[in-house]
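The values are calculated or read from the model by the stated rules, or taken from the named source; none is laboratory data. What you are looking at is a predicted structure, and each value in this text was computed from that prediction instead of being measured. All Cβ positions, glycine included, derive from the backbone under ideal geometry; neighbour counts span all protein chains shown. For the accessible areas, the whole protein counts, side chains as well, though only heavy atoms, and no ligand, DNA or RNA atoms are used. Shrake-Rupley method; radii C 1.70, N 1.55, O 1.52, S 1.80 Å.
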Amino acid sequence: MKKNTRTAFIRHMLENERSIEPSPEFSYKALIKSRQDYDEMYHRSIEEPEAFWAQMAETHIDWFKPWDAVEEFDFESDNPYVRYFRGGELNVSYNCLDRHLDGPRRNKAALIWQGEPNEEVDVYTYQRLHREVCKAANMLKRLGVKRGDRVVLYLPMVPQLAISMLACARIGAIHCVVFSGLSAEALKDRIVDSGAKVVITSNYGYRSGKILHLKDICDKALDMSPGVEACVVVRRIEKRTDMKVDRDVWWDDQMAAESPHCEPENMESNDPLFILYTSGSTAKPKGILHGTGGYLLYATLTMKYVFDLKETDIYWCTADAGWITGHSYLVYGPLSNGATSLMFEGVPNYPKPDRYWDVVEKFGVNILYTAPTAVRSMMKDGEQWVNNHDISTLRLLGSVGEPITSKAWLWYYSAVGQGRCPIADTWWQTETGGVMITTIPGAVDMKPGSAALPFFGISPRVIGSDGDDTAPNEGGSLVISRPWPGMMLGVYNNPEAFKNVYFPMPGFYLTGDGAYRDEDGYFWITGRIDDVMNVSGHRIGTAEVESALVSVLQVAEAAVVGYPHPVKGEGIYAYVTVKEGTVINDDLRAELCNHVRANIGPIATPDVIHFASALPKTRSGKIMRRILRKIAAQDTENLCDISTLSEPSVVNDLIQETKRMS
Ligand code: 6R9
């Protein structure tokens, strides 16, 4: 689309709020070709869930032993639980690798790896990946890892990360991937909470041309984690690395000695596959626990239908494998389907803002799955960076991580997709394992900014504070009223949290997101309604940042809220009061920021630190975040009711202070 035509198109769409039909050419070739096909399959999945999931599990997954029961759950009692395919036995790595080795897929690219340095590329066929995974599985066994043991993976986006995940799955160990941007303190917390025996890291990593000292960070964490017996180190960069005798071993040295054969363990369907920590409303991240059979089926099925997967597609999910999107749609979903998954170590804007388009052109990518924050930053850099590349191989675009505004959606659709590629906006969470609400491409009309309709088997509802469904277009809390196979099994080490956080109301899984449903039944997600921020698609709990801030000696109190940010979606706004006699200056501001980085990681660094004289509180002493959020957003016209405040003048002071700051 030419720039002028595009600008006119975007303006027209924004003014008229029209929906967009998928192109007939796309629908004709799509797996689900029409709204009617979608409706029929959806109704069957809701009316006869057991029969539906049983049929899907038989046709999409290879089982070593059939299950005794398809679906068992309780959403009502004080002990909610969910189990799928009880008694069934399978192995995830077998499904992702071995079963593709008998036919032509044996020599197909399973994983294409593009390093941050452009010249570093590697391709793993299914056969090669299978051999590497078997060797890594044998290495873990040799290091003493047994079925049920936890292994922490603190790795950048290198093939060894996917190999390690699959190797754990092969021997029944539970992997716990920690995003390589998190700090030593955060890594230590996850190692200790999961009780990991072995940690796999890399000596260094690349990020935007800079070198990350991952082994040093890992060493700091390990000094505080006495339970770890061994640390395997991937040699990412040939550079001096301190290795601790009796604890650290090199990945390549170990692998060279291992056999490329390793029998997969027979796992029960509800045996844990992995733990992934995520932020909630408390200061301590929760270890979300996912199982084997249900999770794999859900990742496989959503991968196939949401991305309309074809045998010859080159599929690229830009998410880091340290997050759930990387688990389900970079590793497990694509490999279980026998697809070609591209793994990229770099970032969108290094060395130049066209890196994504360079990669799309170089590999002929057909499906691109990325986040609104990346779309916004590319929109800001300008379309010339897209136009300099031939990206005509793209046929489908995906979005995940946060609400995409209709403006960003339309830019993605017209500047990147050239008005040809449907966009699958996908709403889901770490806890849900896979996509829950989406625009099934080719089948349903798209409304820019709406994640559209539920995936098969999913029954979302929007309810008000009375627990009843809200009227069309009226906002409420997004809940799910039936289980689905990708659903988390629990919170590791913290069974009460499963009940308290996700099932405070009997009968519903509470998502923590706000939403409304329009007159066509389309869902519009409005963002978190709990104390969780979404910064560039990363979930960060306000309580985590507050707890890091108050651990600084001079800080008396801290309250953190999100505020609208043009690129990050939400920025972090920290209100801080200091102890008597503290000098407020830029050094203190820098110290607070550094402290948050060291405690959590750079992604949690506050954008604004507001040294406040006092914080608004209710008479019972609760901080009024609702007001703080409005002040941070500079939306102070309508502050609602402040009569419950113990000292209403505090609010005025804060508003004046904000004015002075900007
Ligand atoms: C997959 C993932 C989950 C939270 C979720 C919501 C937000 C994700 C979204 C979206 C609107 C979308 N979110 N996808 N909001 N539209 N398409 O991101 O998992 O890191 O656990 O975050 O992200 O607020 O509750 P996770």
task = Taking the options E637, E580, E591, E570, name whichever one is of a type in the set (D, E) and assigned to a strand (DSSP E or B).
result = E570
message = Out of everything in the range 470-491 that is surrounded by fewer than 16 Cβ atoms within 10 Å (Cβ to Cβ) and over 24 Å from R629 (Cβ atoms), what residue ends up being nearest to the ligand (Cβ to nearest atom)?
response = S481
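Quick check, is D252 over 22 Å from R131 (Cβ atoms) and open to solvent by 40 Å² or more (accessible area, probe 1.4 Å)?
On the way: over 22 Å from R131 (Cβ atoms): no; open to solvent by 40 Å² or more (accessible area, probe 1.4 Å): yes.
No, not satisfied.
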request  = Quickly run through the range 626-646 and pick out the residues that are open to solvent by 70 Å² or more (accessible area, probe 1.4 Å) and either modelled with pLDDT under 80 or touching a Gly at 6+ places or on another chain (Cβ under 7 Å) (or both).
outcome  = N638, C640, D641, S643
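Please state which one of W357, W316 is within 20 Å of the chain's Cα centre (by Cα) and either charged (D, E, K, R) or more than 16 Å from the ligand (Cβ to nearest atom) (or both).
W316
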Selection status of D425, crowded, with 19+ Cβ neighbours inside 10 Å, over 30 Å from Y126 (Cβ atoms), among the acidic types (D, E) and away from the ligand (no atom under 16 Å from the Cβ) = no
message = Please go through the range 149-162 and give me each residue that is assigned to a loop (DSSP other than H, G, I, E, B) and farther than 15 Å from R236 by Cα, ordered by number.
response = D149
ask   = Yes or no: T426 in contact with a helix residue (DSSP H, G or I) (Cβ under 8 Å, 6 or more places away or on another chain) and either of a type in the set (S, T, Y) or modelled with pLDDT under 95 (or both)?
value = yes
inquiry  = When you check E402 against the structure, is it assigned to a loop (DSSP other than H, G, I, E, B) and either on the phi > 0 side of the Ramachandran plot or within 13 Å of the ligand (Cβ to nearest atom) (or both), yes or no?
reply    = yes
inquiry  = Is it the case, given these coordinates, that Y206 is open to solvent by less than 10 Å² (accessible area, probe 1.4 Å) and of a type in the set (F, W, Y)?
reply    = no
message = Being part of a strand (DSSP E or B) and crowded, with 24+ Cβ neighbours inside 10 Å is the filter here; which residues of the range 289-317 pass it?
response = H290, Y315, W316, C317
task = Among residues belonging to the range 531-547 that are outside any strand (DSSP E or B) and more than 9 Å from the ligand (Cβ to nearest atom), point out the one that is nearest to G326 (Cα to Cα).
result = S536
key: For T658: the one exception among (1) among the polar types (S, T, N, Q); (2) at pLDDT 90 or above; (3) open to solvent by less than 60 Å² (accessible area, probe 1.4 Å)   = (2)
key: Restricting the range 370-399 to residues that are over 24 Å from Y305 (Cβ atoms) and charged (D, E, K, R), the residue that is nearest to the ligand (Cβ to nearest atom)   = R376
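Within the range 508-517, identify whether any single residue is open to solvent by 50 Å² or more (accessible area, probe 1.4 Å), in a strand (DSSP E or B) and within 16 Å of the ligand (Cβ to nearest atom), and answer yes or no.
yes
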ask   = Where in the range 163-277 are there strands (runs of 3 or more DSSP E), lying wholly inside it, with at least 1 residues that are within 15 Å of M139 (Cβ to Cβ) and free of Cβ contacts under 8 Å to residues at least 60 places away in the same chain?
value = 198-202, 230-234, 248-250
task = Name, by its number, the condition in (1) touching a residue at least 40 places away in the same chain (Cβ under 8 Å); (2) hydroxyl-bearing (S, T, Y); (3) assigned to a helix (DSSP H, G or I) that does not hold for Y356.
result = (1)
key: Top-ranked residue in the range 111-130 [being in contact (Cβ under 8 Å) with a residue 60 or more places away in the chain and touching a Lys or Arg at 6+ places or on another chain (Cβ under 8 Å); ranked as farthest from T318 (Cα to Cα)]   = Y126
query = Between a first residue in the range 418-440 that is under 19 Å from G294 (Cα atoms) and a second residue that is more than 10 Å from the ligand (Cβ to nearest atom) and part of a strand (DSSP E or B), which pairs have beta carbons less than 6 Å apart while being 6 or more apart in sequence or on different chains?
reply = G433/H290; I437/P454
query = (1) farther than 20 Å from T426 by Cβ; (2) more than 15 Å from the ligand (Cβ to nearest atom); (3) out of contact with any Lys or Arg (no Cβ under 8 Å at 6 or more places or on another chain): which one isn't true of N494, the others all being true?
reply = (3)
query = In the range 357-377, what residues are surrounded by 21 or more Cβ atoms within 10 Å (Cβ to Cβ), more than 18 Å from R420 (Cβ to Cβ) and not small (G, A, S)?
reply = V359, P372, T373, R376
